[in-house]
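Structure, as structure tokens:
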Amino acid sequence: MKVAAALLAALVLAVSLPKQAFRSNIDMVAVYPLVTGPDGRFVTDLRQQDFEAFDNGKQVEITIFSRDRQPITAVLLLDMSASMEDRWVRVRDAALRFVDALEPADRLRIGTFGSEIALSPHLAGDKAILSRVLREELWPGGSTPLWNAMSAGMQSNAVETGRRPIVLVTDGIDTSSAVQAPVTARAIKDQFMIYGIGLEGKGLSTRLVDLIGQTGGGHFDLKRNDDLGAAFLRLADELHHQYLIGFTPAALDGQTHSLEIRVRREGFRVRAPTQFVAPVRK
């Protein structure tokens with residue numbers, strides 16, 4: 001993976017890890033569901049007893065719960081392929097709104113993909129640094145190595161804990177199908193939350209949308225005149241209104257399990273991962 005020298009220089013500031021609200025033990029699985037009410041608005045005042053968790057169809061006890069705002073450790077990946085050249089300013093300005101919506105404990109790594117995949121070397125919470133990267137370090141050109149970029153983004157946050165969203169902004173579909181299976185497997189195994197913002201063009205692929213659903217993320221499909229900045233603000237709002245739920249799987253077998261998070265309220269909708277890989281009993 002190539003890393004643009006100027007982007008490396010832009011984020012040389014060392015960033016300390018924030019205090020995490022939750023650190024799981026080796027047997028615990030943590031998920032971050034988003035709940036909306038019948039009116040489509042976020043519901044943020046539910047209690048632990050309002051939730052149910054089902055592992056492979058079997059109800060399991062929720063032992064960790066929080067409705068406090070949890071810090072995010074995100075990677076923002078911007079498509080800089082040749083087809084994006086006439087809209088990179090629009091993408092930059094919208095991404096600046098996302099940066100502005102970050103909260104003090106949040107950290108972000110910015111990356112681009114096109115002729116090369118470039119990732120900032122450090123996570124940062126300093127909005128001035130992140131804004132400078134967006135204003136000075138975007139270079140359109142090349143193809144759309146979307147899945148390779150997603151793989152690089154996950155690798156860059158591999159040692160982090162808590163919520164680790166990978167946010168993709170793209171107008172095209174990566175045809176490099178050979179890398180899709182291992183990227184999908186890693187996203188589920190390591191519990192990365194995938195989000196996609198599809199600009200006018202080919203849109204998000206069916207396989208990517210499926211992965212987004214499996215990881216409990218979300219996606220936006222925008223038309224030419226839609227407000228990209230508003231989509232970024234909606235995304236930030238979603239990330240700041242998720243619950244934390246922790247449970248011990250029914251079987252510690254290292255296998256992929258189905259997962260369902262329910263709310264005991266009529267008309268309420270829950271968005272959460274639909275699969276996870278159980279830890280192995282030591």
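Beta carbons closer than 7 Å, at least 6 apart along the sequence or on distinct chains, pair a first residue in region 34-57 that is in a strand (DSSP E or B) with a second that is surrounded by fewer than 18 Cβ atoms within 10 Å (Cβ to Cβ) and small (Gly, Ala, Ser) for Asp55/Ala250.
For every residue, the table says whether it meets (1) modelled with pLDDT of 95 or more; (2) closer than 25 Å to Gly196 by Cα; (3) not in a loop (DSSP other than H, G, I, E, B).
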{"site": "Lys2", "(1), (2), (3)": "no, yes, no"}
{"site": "Ile26", "(1), (2), (3)": "no, no, no"}
{"site": "Arg69", "(1), (2), (3)": "no, yes, no"}
{"site": "Asp86", "(1), (2), (3)": "no, yes, yes"}
{"site": "Ile110", "(1), (2), (3)": "yes, yes, yes"}
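Going through Asp79, Asp106 one at a time, which residue ends up being touching a Pro at 6+ places or on another chain (Cβ under 6 Å) and either open to solvent by less than 40 Å² (accessible area, probe 1.4 Å) or among the basic types (Lys, Arg) (or both)?
Details: Asp79 fails: touching a Pro at 6+ places or on another chain (Cβ under 6 Å).
When all the criteria are applied, what remains is Asp106.
Just one of the listed residues (Lys202, Lys189) is of a type outside the set (Phe, Trp, Tyr) and over 15 Å from the mean Cα position of the chain (by Cα), namely Lys202.
Got a number for residues in region 134-148 being in a helix (DSSP H, G or I) and either within 15 Å of Arg87 (Cα to Cα) or modelled with pLDDT under 90 (or both)? I'd like the intermediate steps shown before the answer.
Filtering region 134-148 for residues in a helix (DSSP H, G or I) gives 134-136, 146-148.
Going one step further and asking which of them are either within 15 Å of Arg87 (Cα to Cα) or modelled with pLDDT under 90 (or both), we end up with 134-136.
Result for region 134-148: 3.
The requirement of being touching a His at 6+ places or on another chain (Cβ under 6 Å) and over 27 Å from Arg109 (Cβ atoms) is fulfilled nowhere in region 68-88; no residue meets it. Of all the listed residues (Val89, Val133), the sole one being over 22 Å from Arg163 (Cα atoms), open to solvent by 30 Å² or more (accessible area, probe 1.4 Å) and not charged (D, E, K, R) is Val89.
Within region 112-128, which residues are outside any loop (DSSP other than H, G, I, E, B), open to solvent by 20 Å² or more (accessible area, probe 1.4 Å) and either in contact with a strand residue (DSSP E or B) (Cβ under 6 Å, 6 or more places away or on another chain) or of a type outside the set (Gly, Ala, Ser) (or both)?
Going through region 112-128, the residues outside any loop (DSSP other than H, G, I, E, B) turn out to be 112-113, 117-119, 124, 127-128.
With the extra rule that they be open to solvent by 20 Å² or more (accessible area, probe 1.4 Å), the set shrinks to 117, 127-128.
The answer is Ile117, Lys127.
Can you find, within region 193-249, the residue that is most open to solvent (accessible area, probe 1.4 Å) among those that are assigned to a strand (DSSP E or B), within 20 Å of Asp106 (Cβ to Cβ) and not aliphatic (A, V, I, L, M)? Result: Phe220.
The values are calculated or read from the model by the stated rules, or taken from the named source; none is laboratory data. Computed from a predicted structure; not experimentally measured. With ideal geometry, Cβ positions are generated from the backbone for all residues, glycine too; neighbour counts draw on all protein chains shown. Side chains included, ligands, DNA and RNA excluded: accessible areas come from the protein's heavy atoms. Shrake-Rupley method; radii C 1.70, N 1.55, O 1.52, S 1.80 Å.
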